[in-house]
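**Student:** This is the structure I have questions about; it appears just below.
The values are calculated or read from the model by the stated rules, or taken from the named source; none is laboratory data. Everything numeric in this text was worked out from a predicted model, so none of it was measured. Every residue, glycine as well, gets a Cβ built from its backbone with ideal geometry; the counts of neighbours run over all protein chains shown. Side chains are part of the model used for accessible areas, which takes the heavy atoms of the whole protein and leaves out ligands, DNA and RNA. Shrake-Rupley method; radii C 1.70, N 1.55, O 1.52, S 1.80 Å.
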Amino acid sequence: MDDGALWVALLTAATAVVASWVTSKGNTQAARVQAQAAAEASEVARKREAHRATHLGFIQQANDMGIVYRRIPRYLTLQDQEARRASLSALRDQLRDAYGPFMRSLAAVSLECHPGPIAAANAVHIASGEAYIRLVAVEEEIREAEGFRQAVDAYLASVDSFIEAARQAEHEL
C-alpha cells in the first residue's frame with residue numbers, strides 16, 4: 001500500500017470516529033432535552049390536576065352546604081313554632097357538620113390555587129357566614145326570613161363566581 005492510500009485510509013477512519021463521536025454527543029443531548037421536556041410537561045399536568053381536584057373538592061363542599069341552605073326556606077313558614085324551631089335547629093346542626101369539611105377545602109384552595117380562585121373561595125366563605133348568621137337571627141325571631149333568603153342567594157351566587165374563577169384559572173395554566 002502506498003503512502004497516499006494509507007493517508008486516505010487514516011483520514012477516513014479518523015473522520016468516521018469523529019462523526020460517530022459527534023453523533024453520539026448529539027443523540028445524548030437530544031435525549032436529555034427530550035427527557036427534560038417530558039418531565040416539565042408531566043409537572044404541568046400534575047399541577048393542573050392538583051388544582052382541578054382542589055377546585056372540585058371546594059365546589060363539592062360548597063354545594064353540600066348549599067343543599068342544606070336551600071332546604072331551610074320551607075321550614076321558615078311553619079306555623080307550629082316548636083316544629084319550626086326543631087327543624088331549623090336540626091338544619092343548623094347539619095350546616096355546622098358540613099362546615100368542617102368546607103373549611104378544610106377552603107384551606108386547600110388557599111394553599112394550592114391561584115389568586116383568582118382564592119379570592120372567590122374567600123367570598124364564598126364570607127357569604128356562608130352571613131347566611132348562617134341570618135339563619136340564627138331568623139331562628140331566634142330577631143330578623144325576618146327575607147334577609148336569610150337574600151343571604152342564601154348571595155351565597156349561591158358566590159359559589160357560581162368561584163366556579164367561574166376556577167374555570168378561568170384552569171385556562172391560564
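**Student:** Taking the condition over 30 Å from residue 149 (Cβ atoms), acidic (Asp, Glu), assigned to a helix (DSSP H, G or I) and without any contact (Cβ under 8 Å) to a residue 60 or more places away in the chain, does residue 40 pass? Break it down stepwise before answering.
**Tutor:** Numbers: over 30 Å from residue 149 (Cβ atoms): yes; acidic (Asp, Glu): yes; assigned to a helix (DSSP H, G or I): yes; without any contact (Cβ under 8 Å) to a residue 60 or more places away in the chain: yes.
So residue 40 fits the description; yes.
**Student:** Among the residues of region 34-62, which ones are open to solvent by 80 Å² or more (accessible area, probe 1.4 Å) and over 18 Å from the mean Cα position of the chain (by Cα)?
**Tutor:** 34, 36, 40 - these are the residues of region 34-62 that are open to solvent by 80 Å² or more (accessible area, probe 1.4 Å) and over 18 Å from the mean Cα position of the chain (by Cα).
**Student:** Follow-up. Please verify whether region 71-82 includes one or more residues that are surrounded by fewer than 18 Cβ atoms within 10 Å (Cβ to Cβ) and at pLDDT 90 or above.
**Tutor:** Yes, there is a match, as at least one residue in region 71-82 is surrounded by fewer than 18 Cβ atoms within 10 Å (Cβ to Cβ) and at pLDDT 90 or above.
**Student:** Here's a follow-up. Considering only region 110-141, state which residues are open to solvent by 10 Å² or more (accessible area, probe 1.4 Å), of a type outside the set (Gly, Ala, Ser) and closer than 23 Å to residue 84 by Cβ.
**Tutor:** 130, 132, 133, 134, 136, 139, 140, 141
**Student:** Among the helices (runs of 4 or more DSSP H) lying completely within region 43-148, list those that include at least 1 residues that are within 21 Å of residue 162 (Cβ to Cβ).
**Tutor:** It comes to 81-112, 115-139.
**Student:** Taking the condition open to solvent by less than 30 Å² (accessible area, probe 1.4 Å) and not hydroxyl-bearing (Ser, Thr, Tyr), does residue 151 pass? Quick ask: steps written out before the conclusion?
**Tutor:** Numbers: open to solvent by less than 30 Å² (accessible area, probe 1.4 Å): yes; not hydroxyl-bearing (Ser, Thr, Tyr): yes.
Against the criterion (open to solvent by less than 30 Å² (accessible area, probe 1.4 Å) and not hydroxyl-bearing (Ser, Thr, Tyr)), residue 151 qualifies.
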